[in-house]
Amino acid sequence: MNKTRGFVLASLAALSGTTGLAGVAAAEEINIILCGDVVTPVYTKLFEEWTAANPDYPVAPELVGWAQCQDKVTTLAVAGTPVDIAYVGSRTLKQFAQNDLIVPVPMTDEEKGAYYNYVPETVTFDDTQWGIPVAFSTKAFFWNKDLFEQAGLDPETPPKTWEEEIAFAKQITEKTDAAGFGMVAKTFDGTVHWFLHWIYTNGGQVIDAEGNIVLDSPENLAALTAFKDIVPYSEEGPTAYEQNEVRSIWLDGGVAMLHCAVSCAVRGTEAGLNWGVAPLPTGPNAQGPGTLLITDSLAVFKGTGQEDKVIEFGKFLTSPENQLAYELSEGGLTPLRPSAEVDKLVAEQPHWQPFIDGIEYGGPEPLFTDYVGFQNVMIEMVQSVVTGAAEPQDALTKAAGELDQYK
């Protein structure tokens with residue numbers, strides 16, 4: 001293995017775990033690697049439909065656990081025995097593409113226009129799409145109404161701005177036994193996502209469309225300063241907690257407010273919490289409610305000899321009708337496209353509305369050639385401010401200077 005590909009493998013593999021090589025699929029099969037423990041019933045049905053219509057290209061799915069999935073896909077590609085198509089984090093697409101491991105999957109203007117704002121941007125760089133969005137996550141603001149009432153706050157009125165969010169957190173911390181806010185700051189990729197929500201609720205960016213690092217901006221300084229200001233009213237030792245652990249504290253009544261995916265609605269009800277949900281509070285420069293827009297994608301790998309047919313298969317799986325059926329079956333995915341069916345979902349389950357509202361002014365997960373390097377810089381920046389080791393401006397300037405090498 002040459003040094004460049006060795007670096008790619010090591011860097012991408014660090015996003016997940018380690019595993020060994022698998023055998024090469026038969027040429028006429030379409031071999032797809034899916035992450036998880038089971039093929040969903042929707043995919044089982046779609047695989048059967050595809051195979052019936054394309055008997056020369058039967059689908060051969062392979063399940064790989066979440067911890068090993070990304071690394072197995074990468075190992076096969078770097079070794080020259082790529083899988084045809086695989087489920088990957090969209091943040092890895094730039095690195096795959098720049099190392100000539102995947103092929104473009106261009107979208108027409110009509111295809112781009114069918115998605116919610118910025119979804120195509122999560123798979124785009126150099127004006128080319130390198131994957132097909134297949135799973136979408138947005139965040140909203142959850143609060144414990146009983147703790148609000150105990151603190152003397154209106155349980156039906158969530159904070160709308162960062163200023164209110166910090167003030168509410170302070171009042172809850174001082175007047176109840178709970179922490180006001182659930183802070184995520186562990187050495188974990190979720191910490192990057194967590195801070196990006198603050199960036200995208202104040203009109204900020206990390207890297208612009210021309211590839212310039214724009215992290216050191218007034219909008220992002222305000223975000224990192226607000227992050228610092230809410231720490232005293234968060235759970236003790238936030239650098240020890242990732243998002244699922246903070247969610248558990250919220251479910252146990254230990255914190256009153258947190259930013260969370262739609263799964264908190266179901267889990268909050270199961271835990272017997274009197275909860276509410278609203279758009280994420282916004283910063284002073286926000287034009288409207290925002291959120292980080294994270295997608296996972298189907299990547300089509302180079303060198304299989306049947307890339308065009310595989311692209312056709314990927315677009316079949318993710319066509320509007322098939323994609324929506326998959327999203328609804330999974331329960332916790334934000335729909336990728338607006339539709340009458342999505343309108344019906346929101347009407348029947350109103351807690352979905354904030355997860356849709358944040359999309360218009362949200363932003364995509366930044367694409368870096370070395371995502372692990374980017375991730376480590378961002379985590380160090382956040383933790384230095386959370387622990388008091390650095391002031392927001394110093395931390396922001398330092399991080400911005402380090403990111404150029406990873407873009």
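The heavy atoms of T75 offer some 20 square angstrom of accessible surface to a 1.4 angstrom probe. Please work out whether the chain counts as rounded, prolate or oblate from its C-alpha gyration tensor, where a ≥ b ≥ c are the square roots of the eigenvalues and a/c under 1.5 means rounded, while otherwise a/b larger than b/c means prolate and anything else oblate? Cα axes put the chain in the prolate bin. The gain in end-to-end length when the E330 to N117 segment is fully stretched comes to 74.5 nm, 0.36 nm per residue minus the alpha carbon separation. Over 30 Å between C-alpha atoms is what I'm after, so list which of K302/K407; K139/K302; K94/K139; K94/K309; K139/K309; K175/K228 land there. Over 30 Å apart, Cα to Cα: K139/K302; K139/K309. Indicate the gyration tensor shape class of the range 43-121 (rounded, prolate or oblate), computed on the Cα atoms with a ≥ b ≥ c the square roots of the eigenvalues: a/c under 1.5 is rounded; otherwise a/b larger than b/c is prolate and the rest oblate. Oblate. May I ask for the angle, rounded to the nearest 10°, between helix 189-200 and the longest principal axis of the chain, with both axes built from Cα atoms and the value confined to 0 to 90°? Roughly 70 degrees, rounded to the nearest 10.
Once the Cα-Cα distance is subtracted from the 0.36 nm per residue extended length, the A52 to Q353 segment shows a gain of 104.5 nm. Grab the beta carbon distance between A67 and E321, set R0 = 35 Å, and tell me the FRET efficiency rounded to 0.05. The pair A67/E321 has a calculated efficiency of 0.65. For the pair V346 and A167, label points projected 7 Å from Cα toward Cβ lie 2.9 nm apart. Local charge for F136 was computed over the other residues whose Cβ lies under 12 Å away, with Lys and Arg +1 and Asp and Glu -1, and equals -2. For the chain, take the longest principal axis of its alpha carbons; what is the angle in degrees between that and the long axis of helix 162-175, to the nearest 10 within 0 to 90? Approximately 60 degrees, to the nearest ten. Using the Cβ atoms and a cut-off under 13 Å, what net charge is assigned to the surroundings of V377, where Lys and Arg are +1 and Asp and Glu are -1? Net charge in that neighbourhood comes out at -4. When the Gaussian network model of the chain links Cα atoms closer than 10 Å, the mean-square fluctuations of K94, K344, K186 top out at K344.
Could you work out how far helix 371-386 tilts from the main Cα principal axis of the chain, as a 0 to 90 degree angle to the nearest 10? For 371-386 against the chain, the angle is about 10 degrees.
A Förster radius of 45 Å, combined with the Cβ-Cβ distance separating S339 from T397, puts the computed FRET efficiency at roughly 0.55.
Report the full-extension gain for the segment T81 to E29: residue separation times 0.36 nm, less the Cα-Cα distance, to one decimal in nm.
17.3 nm
A probe of 1.4 angstrom, applied to the heavy atoms of all protein chains, finds L76 with accessible area near 10 square angstrom.
Simple spin-label estimate for D177 and E156 gives 2.9 nm between the two label positions (7 Å along the Cα-to-Cβ direction from each Cα). The Cα-based radius of gyration of the range 155-233, divided by its Kirkwood radius, gives an Rg/Rh of 1.04. For F316, F181, the ranking by accessible surface with the largest value first comes to F316, F181, using a 1.4 Å probe. A cut-off under 10 angstrom between Cβ atoms defines the neighbours of F301, and their net charge, with Lys, Arg +1 and Asp, Glu -1, is -1.
The values are calculated or read from the model by the stated rules, or taken from the named source; none is laboratory data. Predicted model, so just to flag it, every value in this text is computed and none were measured. All Cβ positions, even for glycine, are placed from backbone atoms using ideal geometry, and neighbour counts span all protein chains on display. Quick note on the areas: whole protein, heavy atoms, side chains included, nothing else; ligands and nucleic acids left out. Shrake-Rupley method; radii C 1.70, N 1.55, O 1.52, S 1.80 Å.
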